[in-house]
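The structure appears right after this line, and notes come after that.
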Amino acid sequence: MSDLTQLLQAPGTTVESEDDCEAVNALMLERGWSDGLPVVPPTAARVEAMLAYCDRPWDEAVAKIPPRYGEATPLRLAANAVMAGCRPEYFPVIVAAVEAMCEAPFNCYGIQATTHPCAPLVIVNGPIAKELGINAGHNAFGQGAQANATIGRAIRLALVNIGGAIPGTGDMATQGGPHKYSYCVAENEEASPWEPLHVERGFPRESSTVTVIAAEAPHNINDHESLSAEGILKMTAGTMATPGTNDNYLDGHPLLVFGPEHAATVAAGGYSKADVKKYLFEHATLPLGAFSDENIERRFRMRFPDRYGKAALDTRMPVVQRPENLIIAVVGGAGKHSAFIPTFGTTRSVTRALRRSDGEFAQSVKELRRA
């Protein structure tokens, strides 16, 4: 008897269904276990194949996902990964992302239950991104790459099925967004003129990491005309300066995603990442008068009385609370586009390295299969 067979004998662990894809999907929809798209039936054999890439105890929680605070055991995560259509080798990334999202600074409870249209964005760095084929180039935020689509979807299904983020019950997003189906990319490290995100955050370049950000959908920055770093940064600052985001009065980590062409021009102008952050902190600003009277009073005068209690309406308000709060990554292919991605605000991004043992264990499984 395998370890999985023993675990599946526990009451409530398995559900009997017809051996038919349509019947399984009808059951998933009826019980609220689906994201609305067809799922792969999580049979014992498929789940066991997923768990071959995990050397942790399959029934011990790696995290508890709010608002239900359900225990995210490898067994449960594997079932959701199967449903999402993941390949087994993706599993260590999913586990690391779920662990990162459940760290206190990320504020997973607030993100799950808010009316705000945010979703956990997973940015993968390091060798694992290329090994798994996670798209960092053309259409990275769009369709077409199995790894991006299914890793992001597995996380969403876990947030629903383990965490209880059911629309209208645990998930109160007013409108939501298509990024709540799946939100996963890799950074285009080869096309970046700067150190990649995980290196900037103190990890070795050869390590593989996931960074989770409570992000809105990307907002395009279209600039085909600027030929200088200052021109691109001026256009970027203007796009970022909008009164309707949370980051202009909360302490979040908004994300600026440079396309490779924009990044190359900005770096050629002598700008480091730190220089870009300083420029945008100083130039991506709004006059206090751009906000409604009620927002001026509640967001700024009451919240920051020392700074804005008696501030004039022409006082400039930064879109990000401090330069170091802004995250910069390079994603995408050819084309003069970048993107600004605001956040939930009451959240901090979290970067976590994949456990070395998971990677070594997965590699040993590959070698065994090749033999």
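The values are calculated or read from the model by the stated rules, or taken from the named source; none is laboratory data. Just so it is clear, the structure is predicted and the values come from calculations on it, not from any experiment. Every residue, glycine among them, receives a Cβ derived from its backbone with ideal geometry; neighbour counts consider all protein chains shown. In case anyone asks, the SASA skips ligands and DNA or RNA and just uses the protein heavy atoms, side chains included. Shrake-Rupley method; radii C 1.70, N 1.55, O 1.52, S 1.80 Å.
For segment 103-143, name all the residues that are among the charged types (D, E, K, R) and either open to solvent by less than 20 Å² (accessible area, probe 1.4 Å) or closer than 18 Å to SER208 by Cα (or both).
Across segment 103-143, the qualifying residues are LYS130, GLU131.
Out of everything in segment 249-275 that is touching a strand residue (DSSP E or B) at 6+ places or on another chain (Cβ under 6 Å) and closer than 26 Å to ASN107 by Cβ, what residue ends up being surrounded by the fewest Cβ atoms within 10 Å (Cβ to Cβ)?
LYS273
Scan segment 253-276 and report the pairs whose first residue is under 14 Å from LEU197 (Cα atoms) and whose second residue is part of a helix (DSSP H, G or I), with Cβ atoms within less than 6 Å and a gap of 6+ or a chain change.
Filtered contacts from segment 253-276: HIS253/ASN325.
More than 16 Å from the chain's Cα centre (by Cα) and either within 21 Å of THR115 (Cβ to Cβ) or open to solvent by 20 Å² or more (accessible area, probe 1.4 Å) (or both) - does that describe any residue in segment 177-186?
No, every residue in segment 177-186 fails to be more than 16 Å from the chain's Cα centre (by Cα) and either within 21 Å of THR115 (Cβ to Cβ) or open to solvent by 20 Å² or more (accessible area, probe 1.4 Å) (or both).
Quick check on segment 347-360: of everything there that is open to solvent by less than 70 Å² (accessible area, probe 1.4 Å) and either in a loop (DSSP other than H, G, I, E, B) or at pLDDT below 95 (or both), which residue is nearest to PRO243 (Cα to Cα)?
THR347
Would you check which residues across segment 277-318 are assigned to a loop (DSSP other than H, G, I, E, B) and open to solvent by 90 Å² or more (accessible area, probe 1.4 Å) and list them?
Taking segment 277-318 as the starting set, the residues that turn out to be assigned to a loop (DSSP other than H, G, I, E, B) are 284, 291-292, 302-304, 309-315.
Within segment 277-318, MET302, ARG303, LYS310, LEU313, ASP314 qualify.
Go through (1) outside any loop (DSSP other than H, G, I, E, B); (2) in contact with a Pro (Cβ under 9 Å, 6 or more places away or on another chain) for ALA45 and report which single condition fails.
(2)
Go through PRO74, PRO57 for me and flag whichever is without any contact (Cβ under 8 Å) to a residue 24 or more places away in the chain and open to solvent by less than 30 Å² (accessible area, probe 1.4 Å).
PRO74
For segment 217-227, give me each residue that is more than 17 Å from ILE328 (Cβ to Cβ) and open to solvent by 30 Å² or more (accessible area, probe 1.4 Å).
Once the filter is applied, which keeps residues that are more than 17 Å from ILE328 (Cβ to Cβ) and open to solvent by 30 Å² or more (accessible area, probe 1.4 Å), segment 217-227 yields ALA217, ASN222, HIS224, GLU225, LEU227.
Inspect all residues belonging to segment 31-38 and state whether any of them is open to solvent by 30 Å² or more (accessible area, probe 1.4 Å) and in a helix (DSSP H, G or I).
Yes, there is a match, as at least one residue in segment 31-38 is open to solvent by 30 Å² or more (accessible area, probe 1.4 Å) and in a helix (DSSP H, G or I).
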